[in-house]
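S.K.: Sending over a structure as structure tokens; questions will come in a sec.
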Amino acid sequence: DPYASDPPRHPALKINSLKPFNAEPPSEILSENFLTPNAFFFKRNHLPVPEVDPERYRLEISGEGLPKAVSLTLEDLKTKFPKHTVTATLQCAGNRRSEMNKIKQVKGLDWGIAAISNAQWGGVRLREVLEHAGYRHGGAAQHVQFEGLDKDVSGTPYGASIPLRKALSDDGDMNGEELPRDHGFPLRAVVPGTVGARNVKWLGKIIVSAEESKSHWQQNDYKGFSPSVDWDTVDFKSAPAIQELPIQSAITEPRDGALLERSGEQVTVRGYAWSGGGREVVRVDVSLDGGKTWQVATLRSGEDAPPLGQAWAWKLWELSAPFPPEGEQLDIVCKAVDNSYNMQPDSVAPIWNLRGVLSNAWHRVRVSVKI
Ligand code: MTE
Ligand code: MO
């Protein structure tokens, strides 16, 4: 069993697939912590978790614009470069796929609303590593390809790439703890504002290139299509690889189907909101009546206001309001707005796509109210 040496995991995680291991935390955990504790951070593995000996680990860097291939040890990375930290939210392209599945079957893991988490990552800047390796601008280089140390049965590693100009940072710790095995020990690429899939874990190779990664996940997966495209007509070459993700928000509390006590109290709704590409969430609207009337939620960001275009971390939000005077049901809805005034679409069907990615419609939960 190639998965026999996978690490132990927290029993509270909701498992979507055991081998490879894919799991999300209970949604309340997300809104309880600005920084998601590592044990609860969602886990998305395509392959077995590799066992990497930190003593023998090497990061190999090569390609376009580099005078020669360079190989760095963990010690090199820790001693030759300044340490940087960045708080960045990671979201899988397939977060909330289960809502698309309800419209029409899609292919992929049936994620709920918690294939998203937030961490403070500590490590070295990719740009500084490339400069150390002697990278010179001006050639044909357009992309930075990443290769993981996790391999399928044919020996093909997980791979992805990002545009060269996005090449910002890669990292060695997570929330101040050693990077856990599930999250890429000993080194992963952290690409703030960019879809989870490009944040390559167990990073073994960096290749500066005129071309995108040739990997299956860059070329024939993680792309968006029209609702009219099906598996007979899909042409993966016709769509760009997902990099930045669209504006997103969801309700973490109460849960769909919950029973709330009226007892003269207020109803409290909590959730998360985040946008890709460093765009900052500036507002979250919440409705208790299915979208007829709206109230503005309070945003709780864990940090000082980020510089323009560098809002990498999510915002948690909360709305406390009196129960509507009548009714035994609340139809709670949320939608977020980012600083480009991008907003979420109101329903799932018009954004449905065969891979179930980019699922960011208004999030709705229906709860019962006990008189
Ligand atoms: N990197 C490697 N080497 N192998 C993988 O399977 N999965 C990707 C990305 N990096 C993956 C990888 C995907 S699709 C996502 S969403 C994120 O890692 C998940 O990161 P996490 O498990 O730390 O939450
Ligand atoms: Mo993902």
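S.K.: Mind jotting down the distance between the C-alpha centroids of the range 9-32 and the range 141-158, whole Å?
M.R.: Centre-to-centre distance over Cα atoms comes out at 25 Å.
S.K.: Now for a separate question. Kirkwood hydrodynamic radius for the chain: how many Å is it when counted over pairs of different Cα atoms?
M.R.: Final number for the Kirkwood radius of the chain is 21.5 Å.
S.K.: Please give the length that would be gained between residue 128 and residue 210 if that part of the chain were fully extended, namely 0.36 nm times their separation in residues minus their C-alpha to C-alpha distance (nm, one decimal).
M.R.: Between residue 128 and residue 210, full extension yields an extra 27.5 nm.
S.K.: Ordered by residue, what ³J(HN,Hα) values in Hz, to whole numbers, does the range 40-48 give under the Karplus form 6.51 cos²θ - 1.76 cosθ + 1.60, where θ = phi - 60° and Gly and Pro are x?
M.R.: Rounded to whole hertz, the list is 9, 4, 4, 10, 9, 10, 8, 9, x.
S.K.: Length gain on complete extension for the stretch residue 80 to residue 231, per 0.36 nm per residue less the alpha carbon to alpha carbon distance?
M.R.: Full-extension gain reported as 49.5 nm.
S.K.: In deg cm²/dmol, rounded to 500, what helix-only [θ] at 222 nm does the chain give when every DSSP H run of at least 4 residues adds -39500 (n - 2.57) and the total is split over its residues?
M.R.: Counting only the DSSP helices, I get -2000 deg cm²/dmol.
S.K.: Quick check for me: using +1 on Lys/Arg Cβ and -1 on Asp/Glu Cβ, what's the dipole size of the range 248-370 about its Cα centre, in debye to the nearest 20?
M.R.: I would put it at about 280 debye.
S.K.: Using alpha carbons only, what's the Rg to Rh ratio of the range 248-370 with Rh from Kirkwood?
M.R.: 1.00
S.K.: Quick check: residue separation of residue 32 and residue 265 times 0.36 nm, minus the Cα distance between them. What number comes out in nm?
M.R.: Length gained, residue 32 through residue 265: 81.8 nm.
S.K.: Here's another thing I want to ask about it. Name the long-range amide H neighbours of residue 250: under 5 Å, sequence gap of 5 or more, or other chain; modelled H, no Pro or chain starts.
M.R.: Those lying under 5 Å, H to H, from residue 250 are 272.
S.K.: Once label points are set 7 Å from the Cα along Cα→Cβ at both residue 177 and residue 19, what is their separation, rounded to one decimal in nm?
M.R.: Calculated label separation equals 2.6 nm.
S.K.: Only loop residues by DSSP count here, and only those with at most 10 other Cβ atoms within 10 Å; note down the GluC sites (Glu not before Pro) in the range 275-324 that meet that.
M.R.: none
S.K.: Around residue 360, which amide H atoms from residues at least 5 apart in sequence, or from another chain, sit under 5 Å from its own amide H, with H modelled in the peptide plane?
M.R.: none
S.K.: Round to the nearest 0.05 the FRET efficiency obtained for residue 5 and residue 329 when R0 = 45 Å and r is the Cβ-Cβ distance.
M.R.: 0.40
S.K.: Considering only DSSP beta bridges where both residues belong to the chain, give the percentage that are antiparallel (nearest 5).
M.R.: Antiparallel: roughly 90 percent of the beta bridges in the chain.
S.K.: Which entries in the list 102/315; 102/201; 201/335; 43/315; 166/201 go over 25 Å, if you measure between the two C-alpha atoms of each?
M.R.: 102/315; 102/201; 201/335
S.K.: With +1 on each Lys and Arg Cβ and -1 on each Asp and Glu Cβ, and nothing else charged, work out how big the dipole of the chain is about its Cα centre, in Debye to the nearest 20.
M.R.: That gives a dipole near 500 debye.
Each value in this text was obtained by applying a stated rule to the coordinates, not by laboratory testing. Here the structure is a predicted model, which is why all the values come from computation and not from measurement. Heads up, the Cβs are rebuilt from the backbone with ideal geometry, glycines too, and the neighbour counts pull from every protein chain shown.
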